[in-house]
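**Student:** Take a look at the following structure, please.
The values are calculated or read from the model by the stated rules, or taken from the named source; none is laboratory data. This structure is a prediction, so every number in the text was calculated from the model and none was measured. Because the Cβ atoms are built from the backbone with ideal geometry, glycine has one as well, and the counts that use them run over all protein chains shown.
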Amino acid sequence: MQLQDKIAVITGGASGLGMATVKSYLAKGAKVAIFDLNAEAGQAAVQELGANVMFCRTNVSDEASVQEALAAVVANWGAVHIAVNCAGVGSAMRTVGKNGPHSLEVFSKVITINLIGTFNVTRLAAAEMAKNEPNADGERGVVINTASVAAFDGQIGQVAYSASKGGVVGMTLPLARDLATIGVRVNTIAPGIFNTPLMNSSPDSVKMPLIEMTQFPKRLGHPDEYGQLAVHIVENSFLNGETIRIDGAIRMAPR
């Protein structure tokens, strides 16, 4: 699928990896809807990036909120061809720590946003994609979900985050199989440690051990490298049902 004149929705698109993907898609001629809870950042992105961007304040884990946002995109531009799920939250808490057992509320929140939110947007966006005219390959749409290397080698204190991202990895193939009949591909990107605003604000005592675990190149990932991969997945129609690590060959130590 070519990005030129296609309509993409990107959750968490007001910052970080999501914003990098917004910019990468715009450079390829797509129109992009940013789904995010941060209205200030979303509106600022529209002002900065121009007429081919719209913003919808969206709670990815709420059915009505996502339905309303998708309806606004279709009303404005007529279709949805691509969905990229970048919205997510993290947590740092041991299963049993100094203050007792892991908070069930925290665990539930991380699962709700990262896993249920990803599935919610995927299912509703795919239903819109099913209405599109197929291309020569029979393709009607593309979904890209975001996991993490923590799905495979989560560190101490990452049990909730790793569980949520492991769930995203685990549903990649069955989603691709489910949606094959309507011509929608599903792939997942599992990023390593990227230089997002959150990571960039961390002290060197946090960043340097992570860089040391990265084999090559010895640095944090650049968000536009995630965006480049998100472009390639759309354009390479034989990529389906796959989880792709983009991580400089990092394998995270327990801590």
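**Student:** Test ARG219 against the criterion of being in contact (Cβ under 8 Å) with a residue 24 or more places away in the chain, within 20 Å of ALA151 (Cα to Cα) and surrounded by fewer than 15 Cβ atoms within 10 Å (Cβ to Cβ), and give yes or no.
**Tutor:** no
**Student:** Only residues in region 9-23 that are crowded, with 23+ Cβ neighbours inside 10 Å count as the first member; pair them with residues that are assigned to a strand (DSSP E or B) and among the acidic types (Asp, Glu), Cβ under 8 angstrom, at least 6 apart or cross-chain, and list the lot.
**Tutor:** THR11/ASP36; GLY12/ASP36; GLY13/ASP36; ALA14/ASP36; GLY18/ASP36
**Student:** Confirm whether ALA176 is surrounded by fewer than 21 Cβ atoms within 10 Å (Cβ to Cβ), without any contact (Cβ under 8 Å) to a residue 60 or more places away in the chain and either of a type in the set (Gly, Ala, Ser) or within 22 Å of LEU229 (Cα to Cα) (or both).
**Tutor:** Spelling it out, it is not the case that ALA176 is surrounded by fewer than 21 Cβ atoms within 10 Å (Cβ to Cβ), without any contact (Cβ under 8 Å) to a residue 60 or more places away in the chain and either of a type in the set (Gly, Ala, Ser) or within 22 Å of LEU229 (Cα to Cα) (or both).
**Student:** Only one residue in GLY183, GLY221 is on the phi > 0 side of the Ramachandran plot and within 21 Å of the chain's Cα centre (by Cα). Which one?
**Tutor:** GLY183
**Student:** Return the pair list, or none, for Cβ contacts closer than 7 Å from residues in region 95-113 that are assigned to a loop (DSSP other than H, G, I, E, B) to residues that are surrounded by 10 or more Cβ atoms within 10 Å (Cβ to Cβ) and of a type in the set (Val, Ile, Thr), at least 6 apart or on different chains.
**Tutor:** THR95/VAL159; HIS102/THR95; HIS102/VAL159
This table checks each residue for (1) among the aliphatic types (A, V, I, L, M); (2) more than 25 Å from GLY183 (Cα to Cα); (3) in contact with a strand residue (DSSP E or B) (Cβ under 8 Å, 6 or more places away or on another chain).
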residue	(1), (2), (3)
GLY50	no, yes, no
MET54	yes, yes, yes
THR58	no, yes, yes
VAL66	yes, no, yes
LEU70	yes, no, yes
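**Student:** Give the residues of region 26-52 that are farther than 24 Å from ILE113 by Cα and either in contact with a helix residue (DSSP H, G or I) (Cβ under 7 Å, 6 or more places away or on another chain) or modelled with pLDDT under 95 (or both), sorted by residue number.
**Tutor:** Across region 26-52, the qualifying residues are LEU26, LYS28, LYS31, LEU49, GLY50, ALA51, ASN52.
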